[in-house]
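The values are calculated or read from the model by the stated rules, or taken from the named source; none is laboratory data. What you are looking at is a predicted structure, and each value in this text was computed from that prediction instead of being measured. Note that each Cβ is placed from the backbone with ideal geometry, even for glycine, and that neighbours are counted across all protein chains shown. For the accessible areas, the whole protein counts, side chains as well, though only heavy atoms, and no ligand, DNA or RNA atoms are used. Shrake-Rupley method; radii C 1.70, N 1.55, O 1.52, S 1.80 Å.
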Amino acid sequence: MFIQQIKKSLAIFAFLTLAITGAFAQSSEVNLGMVLEPPHLDPTAGAAAAIDEIVYANIFEGLTRIDENGAVLSSLASSWDISNDNLNYTFYLRDNVTFHDGTKFDAKDVVFSFERAMADDSVNAQKGIFAVIEEVRAIDAKTLAIQLKRPAGDFLFNIGRGDAIIVSRNNFENNKTHPIGTGPFKFISWNKGSRVVLEAYENYTGEPVSLKKAVFTFISDPNTAIAAMLAGDIDGFPIFPAPEAMDVFANDNRFNVIIGTTEGETILATNNKRAPFDNLLVRQAIAHTIDRKAIIDGAMFGYGTPIGSHFAPHNPYYVDKVNTYPLDLEKAKVLLAEAGYPEGFKATLKLPPPSYARRGGQIIASQLRQVGIELELINIEWAQWLEEVFSKKDYDLSIVSHVEPFDIGIYANPDYYFQFDNEDFRAIMSQLGNTTDDGGRRALSYYAQDFLARHAVNGYLFQLAKTGVYNADLQGMWANAPIEGNDLSQMKWTK
Amino acid sequence: MAGFLFRRVFGFALTLFIAALAIFLLLDILPGDPARFILGINASPESVNALREQMGLNLPIWQRFFSWIGGVMVGDFGISHSQATPVLELIKERLVVSFPLAIFAMIISIMLGLPIGIFAARRRGKISDSLFMTLAQIGVAIPSFWFGMLLVLLFSVKLGWLPTGGFISWQDDFFAGLKSLILPSFALALPQAAILARVMRTALVDVSSADYIRTAQAKGLTKGQAILRHGVQNAMLPVLTILGLQFAFLIAGTIIIENVFYLPGLGKLIFTAISERDLILVRGALIVLIMAVTFTMLITDLLYALIDPRLRSRTRQ
């Protein structure tokens, strides 16, 4: 931590002392920076976001795809019909689609891909999204029928996610190291530890793309990332690792800073089964003490949107619950006294590596100290977090961003690490799962958000922002990240 | 000489064994279950346990240690959990970056450090001596990653001569690969060159008042000639010790430098493997590093004996 701070101040000093100039070369090639390298490149066999950030919509396509605002678009399925009971879907597949190995794509590949994801030995990280499927059947080479067990309002969205992409039934074993898909870009090479190279697929029959080549370079050090952008070695960082550096780029007309939203609800995760957090009064007191703006300004340099429940503000069903327990220290002290802690208490706060957690933790600790809650900050790595906090539930408080889209359902699982065990909430969620009409889903979503806010299950802090930095001449990037991915298909150089 | 050799080689083997044991134990008590890390937060306890069983994590610790060390001795380092590739293959892939990097840095630090040390010693007390030694003092104090960033800002961002980092593989473009190692090797080498210069200067200053230098001068050599012909060889002894140690520092330094310059080297591999709890990969990579360092020490010891005949004769008695 200390060394990082020294590094940071030295870096800032360096930028102040050296004036910056640079030249850019333009072409049909783009070089994007990523902080993390994926463990492999098969999105149907891993949860790592970095996999989808390279392959989604570029190498692999699904029946549908998601656009930057979370809307469902056609992809391998050019159109579809839905029966009146919302149980039977008929998909009409795009013409003349081939895999990158030259073989033809047809409905049997879809059947194979879905059955593989649903199988008992499936290693799909989001196996749950296939649970509603009763049967997948190829009617002919270009027509596909899917029957559901029950109506599912989010089905078309879910099959547009990276975990539901279609693989070749004849050539799928090597997707981890040499992915073969139907997308506009084909895999060329992967220098481990360094970069992945894609090139435009010459036989692609969907919307034509402008780029000929795309390189994803892995740069984990934020200071190096700044230098690589300034030198023009990297054309863009879809998620720039250092929000504190955004001003450097925002004030420089060679760069385009794009701030959007993600699906990451950042929360003060609370162990609802451990005293004193099993007491609603204590959780309410904490909610009254948290100053979201101070946390967003201090930890994220102003990038982030306050949230009052476990729901993304850009979601059409979002309702603002930020003021359920407004900032009120006196009220918090009264609530703590009522709960039997007039002098406050001591607790631990376990912090995983991301800066939202480490920096946010310090700010929250100082805020809670105002009402007598003394937090001991414990820095841990992700592997430790998974073991201690997530698996063993050995924690009081933690700070984590939950990045799955529409993941409010985790509160219906009493064994989930928040340990929120509430019969009423489980009923709301099961009702939501069976509702497909828009009005009904909206009303239930509103109710669920309000429920979680009132029960102050966790401290709801802010929605993680997507802080992208690009060369000013590059266009067609996603501002938001409704799902993980860096869709290259619309990207192009204007000069 | 044979006894000397035997003792050194035995010490080498013993060091390796103790180091291997330490690595194994330390990594074993590290919190964080590798199986849970691989399967993520949605996996069931049953499948996590099945994977633990598959990975052999449920066996007793001594059994795991001996099966690992037994494998290492015959060149079988096991299979990386996270990348599903043999560990040795991954290490080899990365060594082609890290090893040249450390060697280049070594060469640069010798080519800069020694001449500056000799120069400063000959100008002892003059302004140029103080100037170089002040620079060396600063060089010692500057951490290599910070110096690396300064180099990047000047040569990549401002002048645009060299890439900010990354690595083009040797097969793809040999000269581009070479080019991408220039800045990192300099960043790694400069602090070491500064140390070397100071050691060289001190050693030379020490020997320059020795009797044999005065004798050489009496026989008609100038002071400078005497130092170059007789002094430097004697001054090499402490310098060589430092060089041996420095190689270890260089190898350790690559971990930080490779992150700053996003080079796909061994250091980066270890860094990622630790955070992903790919223990078998961490162990394999660390043991290779330790072998490299202890082997360098061994070579240094043997060179020592070559330069200093007294060492050889002493062991003969």
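Summary of computed values
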| quantity | calculated |
| --- | --- |
| Condition met for A:Asp106 (open to solvent by 10 Å² or more (accessible area, probe 1.4 Å), assigned by TED's automatic domain parsing to the domain that holds A:Phe155, modelled with pLDDT of 90 or more and under 22 Å from B:Ala84 (Cβ atoms)) | no |
| Boolean, A:Gly160 is crowded, with 22+ Cβ neighbours inside 10 Å, more than 28 Å from B:Thr272 (Cα to Cα), in contact (Cβ under 8 Å) with a residue 12 or more places away in the chain and within 23 Å of the chain's Cα centre (by Cα) | yes |
| Residue in segment A:27-36 that is small (Gly, Ala, Ser) and either open to solvent by 20 Å² or more (accessible area, probe 1.4 Å) or more than 14 Å from chain B (Cβ to nearest Cβ) (or both) present | yes |
| Which listed residue, of A:Pro222, A:Pro184, A:Pro238, is in contact with a helix residue (DSSP H, G or I) (Cβ under 8 Å, 6 or more places away or on another chain) and away from every other protein chain (no Cβ under 14 Å) | A:Pro238 |
| Condition broken by A:Ile259, with the remaining ones in (1) open to solvent by 60 Å² or more (accessible area, probe 1.4 Å); (2) more than 29 Å from A:Lys393 (Cα to Cα); (3) over 19 Å from the mean Cα position of the chain (by Cα) satisfied | (3) |
| Residue in segment A:53-63 that is modelled with pLDDT of 85 or more and either within 12 Å of chain B (Cβ to nearest Cβ) or open to solvent by 60 Å² or more (accessible area, probe 1.4 Å) (or both) present | no |
| Failed item in (1) part of a loop (DSSP other than H, G, I, E, B); (2) at pLDDT 85 or above, with B:Arg277 passing the rest | (2) |
| From the options A:Val334, A:Val322, A:Val371, residue that is touching a strand residue (DSSP E or B) at 6+ places or on another chain (Cβ under 7 Å) and either more than 14 Å from chain B (Cβ to nearest Cβ) or surrounded by 15 or more Cβ atoms within 10 Å (Cβ to Cβ) (or both) | A:Val322 |
| Lone qualifier among B:Ile110, B:Ile69, B:Ile91 - being within 25 Å of the chain's Cα centre (by Cα), under 22 Å from B:Ala292 (Cβ atoms) and outside the structural domain of B:Leu243 (by TED's automatic domain parsing) | B:Ile69 |
| Output for segment A:197-206, where each listed residue is out of contact with any Pro (no Cβ under 8 Å at 6 or more places or on another chain) and either open to solvent by 20 Å² or more (accessible area, probe 1.4 Å) or touching a residue at least 40 places away in the same chain (Cβ under 8 Å) (or both) | A:Leu198, A:Glu199, A:Glu202, A:Asn203, A:Thr205 |
| Selected residue [open to solvent by 30 Å² or more (accessible area, probe 1.4 Å), within 29 Å of the chain's Cα centre (by Cα) and of a type in the set (Phe, Trp, Tyr)] from A:Phe112, A:Phe130 | A:Phe112 |
| Some residue of segment A:346-362 being in contact (Cβ under 8 Å) with a residue 24 or more places away in the chain, more than 30 Å from A:Asp247 (Cβ to Cβ), in the same structural domain as A:Leu452 (by TED's automatic domain parsing) and aromatic (Phe, Trp, Tyr) | no |
| Residues within segment A:75-96 that are assigned to a loop (DSSP other than H, G, I, E, B) and either surrounded by fewer than 20 Cβ atoms within 10 Å (Cβ to Cβ) or not assigned by TED's automatic domain parsing to the domain that holds A:Ala138 (or both), tallied | 8 |
| Residue within segment A:168-185 that is within 27 Å of B:Ser180 (Cα to Cα) and either open to solvent by 40 Å² or more (accessible area, probe 1.4 Å) or small (Gly, Ala, Ser) (or both) present | yes |
| Matching residues in segment A:349-371 - criterion: being assigned to a strand (DSSP E or B) and farther than 17 Å from A:Arg292 by Cβ | A:Lys350, A:Leu351 |
| Elements of type strands (runs of 3 or more DSSP E) contained in segment A:181-285, each with 3 or more residues being more than 27 Å from A:Pro313 (Cβ to Cβ), outside the structural domain of A:Gly360 (by TED's automatic domain parsing) and at pLDDT below 90 | none |
| Filtered residues of segment B:170-202 (kept if within 14 Å of chain A (Cβ to nearest Cβ) and in contact (Cβ under 8 Å) with a residue 24 or more places away in the chain) | B:Trp170, B:Ser180, B:Leu181, B:Leu183, B:Pro184, B:Ala187 |
| Those helices (runs of 4 or more DSSP H) lying entirely in segment B:45-149 with at least 3 residues surrounded by 14 or more Cβ atoms within 10 Å (Cβ to Cβ) and within 14 Å of another protein chain (Cβ to nearest Cβ) | B:45-55, B:87-122 |
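Residue-by-condition table, conditions (1) out of contact with any helix residue (DSSP H, G or I) (no Cβ under 6 Å at 6 or more places or on another chain); (2) modelled with pLDDT under 80; (3) not in a helix (DSSP H, G or I):
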{"position": "B:Arg214", "(1), (2), (3)": "yes, no, no"}
{"position": "B:Gln217", "(1), (2), (3)": "no, no, no"}
{"position": "B:Ile227", "(1), (2), (3)": "no, yes, no"}
{"position": "B:Leu245", "(1), (2), (3)": "yes, no, no"}
{"position": "B:Ile257", "(1), (2), (3)": "no, no, no"}
{"position": "B:Leu263", "(1), (2), (3)": "no, no, yes"}
{"position": "B:Leu269", "(1), (2), (3)": "no, no, no"}
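Results for (1) under 15 Å from A:Thr270 (Cβ atoms); (2) over 28 Å from the mean Cα position of the chain (by Cα); (3) within 12 Å of chain B (Cβ to nearest Cβ), shown as yes or no for each residue.
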site	(1), (2), (3)
A:Glu330	no, yes, no
A:Ala347	yes, yes, no
A:Ala357	yes, no, no
A:Ser366	no, yes, no
A:Val403	no, no, yes
A:Ala412	no, no, no
A:Phe420	yes, no, no
